[in-house]
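S.K.: The structure under discussion is supplied below as structure tokens; questions concerning it will follow.
The values are calculated or read from the model by the stated rules, or taken from the named source; none is laboratory data. Fair warning: this is a prediction, and the values are worked out from it, not measured in the lab. Remember, those area values only see protein heavy atoms, side chains included, never the ligands or the DNA or RNA. Shrake-Rupley method; radii C 1.70, N 1.55, O 1.52, S 1.80 Å.
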Amino acid sequence: MSNQPWTIDSIAHAIPHPELRQNFLREVHLTPRTDLEAVLDRWERFVRRWTQEEAPKIEQVRAYYQEHGTLPPDYESAQAEQAQQSFDDWRARMRAAKKAGSDAA
């Protein structure tokens, strides 16, 4: 963002995920006026960090992948493989649970 002050609208537009954006808007709408500044400050810190630190990292990884067809070497590690295996195990459990639920009827 430029040097303009953050607004509720600009914070909402900077939030990267629709569900998170809805959480922000819900929180802003339901927070007592006396507590609103603290809520907005917290969300502003979140979007500042996102736009200044996290989003650029994601763009660098995306550009590397587009150029090389693989993730950067620092993403290929035993920890990354373990995370992938954990995700695959979770996905298999969810599919099995969904299938078991559909067989129950």
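S.K.: When only alpha-carbon atoms are used, what values of Rg and Dmax, in angstrom, describe the chain?
M.R.: Cα only, the chain: 19.9, 58 Å (Rg, Dmax).
S.K.: Could you work out the relative contact order of the range 1-71? I mean the mean sequence separation of Cα pairs under 8 Å and 6+ apart, divided by the number of residues, in percent. Could you put the intermediate results ahead of the total?
M.R.: Details: 25 pairs, mean separation 20.2, N = 71.
Result for the range 1-71 is 28 percent.
S.K.: Name the most mobile residue of Arg62, Arg42, Arg91, meaning the one with the largest mean-square fluctuation, in a Gaussian network model of the chain with Cα contacts below 10 Å.
M.R.: Arg91
S.K.: Cα axis of helix 18-30 to longest principal axis of the chain: angle in degrees, 0 to 90, nearest 10?
M.R.: 40 degrees
S.K.: Relative to the first principal axis of the alpha-carbon coordinates of the chain, what is the inclination of helix 36-49, with its axis defined by its Cα atoms, in degrees from 0 to 90 and to the nearest 10?
M.R.: Around 50 degrees separate the two axes.
S.K.: Of Pro72, Pro32, Pro16, which has the largest mean-square fluctuation in a 10 Å C-alpha GNM of the chain?
M.R.: Sorting by GNM fluctuation, first place goes to Pro32.
S.K.: Find the accessible area per residue for the chain; the probe is 1.4 Å, ligands and nucleic acids are left out, and the unit is Å².
M.R.: Working: 8620 Å² over 105 residues.
In whole numbers, the chain has 82 Å² accessible per residue.
S.K.: For the chain, what is the mean residue ellipticity at 222 nm derived from helices alone (per DSSP H run of n ≥ 4: -39500 (n - 2.57); sum divided by total residues; nearest 500 deg cm²/dmol)? Display every interim value, and only then the final one.
M.R.: Working: 5 runs with 74 residues, N = 105.
After summing the helix terms and dividing by residue count, I get -23000 deg cm²/dmol.
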